[in-house]
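Data block below; observations after.
The values are calculated or read from the model by the stated rules, or taken from the named source; none is laboratory data. Owing to the predicted nature of the structure, the values given are computational and were not obtained by experimental measurement. Note that each Cβ is placed from the backbone with ideal geometry, even for glycine, and that neighbours are counted across all protein chains shown. Ligands, DNA and RNA are stripped out before the accessible areas are found, and what is left, the full protein with its side chains, is counted by its heavy atoms. Shrake-Rupley method; radii C 1.70, N 1.55, O 1.52, S 1.80 Å.
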Amino acid sequence: MLFIFSVQAEVFLPGTQPNENNIRVGKVKLCGSCHSNTGDDAADPYKTWQGGMMSQASRDPVYLAALTIANQDIPGVGEYCIRCHSPAGWLEGRSTEPDGSGLREHDKDGVSCSICHRLVDPLSDAGKAQVKTPPPGYGNGMMVMSDNKVVFGPYDDSPPVTSHATEKSSFTSSSELCGTCHDVSNPLATDDVLNEPPFSYGIIERTYSEWALSDYAKEETKKTCQSCHFPE
């Protein structure tokens with residue numbers, strides 16, 4: 001079935017909306033001031049991010065080509081792509097130009113540290129309380145961002161710091177966090193984005209769903225996305 005649409009405004013999906021709760025995303029350079037040159041070599045947090053695809057998500061030439069083609073096929077739909085590839089710019093309201101021309105230089109740092117470390121499980125009670133329209137499932141960039149300056153991590157032994165509060169979160173080390181952006185559907189292929197989970201319509205990418213249906217997700221031998229992509 002061929003879907004032909006014209007999108008002149010942003011594609012609405014549940015979760016944290018641009019400028020909702022006055023979300024401001026910390027710049028990577030600020031994170032790097034403490035989380036680089038740690039002496040941990042390949043495990044250095046800043047180097048790990050800098051050498052990965054998340055740091056290049058907004059600069060990747062394949063993505064930029066796909067963004068151009070998407071806007072040609074469906075005028076204005078590029079805003080939907082930007083929400084995952086440059087989430088800081090999207091959350092702070094700079095994605096209304098669907099070709100990315102409204103983004104600032106630091107928005108091009110792609111999926112920056114503060115994005116993943118401030119995500120709240122959108123299906124949890126805490127996540128639902130953070131937003132006006134809670135997501136019905138994981139995927140489509142329907143992120144729920146913490147509205148305070150707590151930075152979530154997988155460990156409970158973080159030393160006290162003055163720049164931000166830290167808190168252990170099992171969501172940070174779960175595949176569901178990755179599923180926020182790595183299960184992608186065509187939102188124009190459903191009449192009910194508020195209640196229909198992304199896996200049930202308009203397949204574009206199913207990385208999270210493929211994991212969830214695999215042996216890796218079985219409780220007795222559970223391996224998350226991070227088990228392979230961020231080995232200890």
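Say the dipole of segment 122-190 comes from +1 at the beta carbon of Lys and Arg and -1 at that of Asp and Glu; which of 173, 140, 151 then lies farthest toward its positive end?
140
I need the peptides 64-73, 165-174, 107-116 ranked by packing, meaning the mean over residues of other C-beta atoms within 10 angstrom, with the highest value on top. Don't skip to the end; give the middle numbers.
Details: 64-73: 14.2, 165-174: 16.7, 107-116: 22.8.
So the order, starting with the most tightly packed, is 107-116, 165-174, 64-73.
Using a cut-off of 25 Å between alpha-carbon atoms, which lysines can reach residue 218, once sequence neighbours fewer than 8 places away in the same chain are excluded?
168
Hey, what number do you get for the chain at 222 nm if only DSSP H runs of n ≥ 4 count, each worth -39500 (n - 2.57), divided across all residues, to the nearest 500? Could the numbers behind the result be given before it?
Numbers: 10 runs with 63 residues, N = 232.
So the calculated ellipticity at 222 nm is -6500 deg cm²/dmol.
For segment 97-232, what is the accessible area per residue in Å² when the probe is 1.4 Å? Please list the in-between numbers first.
Values: 7700 Å² over 136 residues.
Per residue, segment 97-232 has an accessible area of 57 Å².
Taking a 22 Å limit on the Cα-Cα distance, which of the listed pairs 27/47; 47/223; 29/128 fall beyond it?
Values: 27/47 15 Å; 47/223 24 Å; 29/128 31 Å.
Flagged as over cut-off: 47/223; 29/128.
Given labels modelled 7 Å from the Cα in the Cβ direction, how far is it in nm from residue 60 to residue 232?
In this crude label model, residue 60 to residue 232 measures out at 2.9 nm.
Between residue 37 and residue 106, what is the label-to-label distance in nm when each label sits 7 Å out along the Cα-to-Cβ direction?
2.0
Sum up the charges of everything whose Cβ sits under 14 Å from the Cβ of residue 124, counting Lys and Arg as +1 and Asp and Glu as -1, but leave residue 124 out. Let's see the in-between values first.
On the way: positive: 128; negative: 121, 125, 167, 176.
Taking every Cβ under 14 Å from that of residue 124, the sum is -3.
Subtracting the Cα-Cα distance from 0.36 nm times the residue separation, let me have the gained length for residue 212 to residue 50 in nm, one decimal. Kindly include the intermediate steps, with their values, before the conclusion.
Values: separation 162, 0.36 × 162 = 58.32 nm, distance 2.78 nm.
Result: 55.5 nm gained on full extension.
Which FRET efficiency value, to the nearest 0.05, is calculated for residue 168 and residue 72 with the Förster distance at 45 angstrom and r the Cβ-Cβ distance? Working shown, then result.
Details: r = 45 Å, r/R0 = 1.00.
So the FRET efficiency works out to roughly 0.50.
What ranking do 127-136, 40-49 get when scored by the average of other Cβ atoms within 10 Å per residue, highest first? Working shown, then result.
Working: 127-136: 17.7, 40-49: 14.1.
Averaged packing, sorted descending, gives the order 127-136, 40-49.
Shape verdict for segment 109-232, please, from the Cα gyration tensor: rounded (a/c under 1.5), prolate (a/b greater than b/c) or oblate. Write down the numbers at each step before the final one.
On the way: a/c = 2.09, a/b = 1.31, b/c = 1.60.
Verdict is oblate for segment 109-232.
Shape of segment 11-69 from its Cα gyration tensor (a ≥ b ≥ c, root eigenvalues): rounded if a/c is under 1.5, otherwise prolate when a/b > b/c, or oblate? Show your work: numbers first, answer last.
On the way: a/c = 3.23, a/b = 1.39, b/c = 2.32.
Cα axes put segment 11-69 in the oblate bin.
What's the carbon and sulfur percent of the chain's accessible surface, probe 1.4 angstrom, rounded to a whole number?
Details: 7240 of 13020 Å².
Here it works out to 56 percent.
Obtain the nm distance between the two label points defined at residue 19 and residue 96 by a simple spin-label model: each point lies 7 Å from its Cα along the Cα-to-C-beta direction.
The answer from the label model is 0.7 nm.
If pairing requires two Cys Cβ atoms under 4.7 Å apart, which cysteines of the chain are left without a partner?
Taking the Cβ cut-off of 4.7 Å, the unpaired cysteines of the chain are 34, 81, 116, 228.
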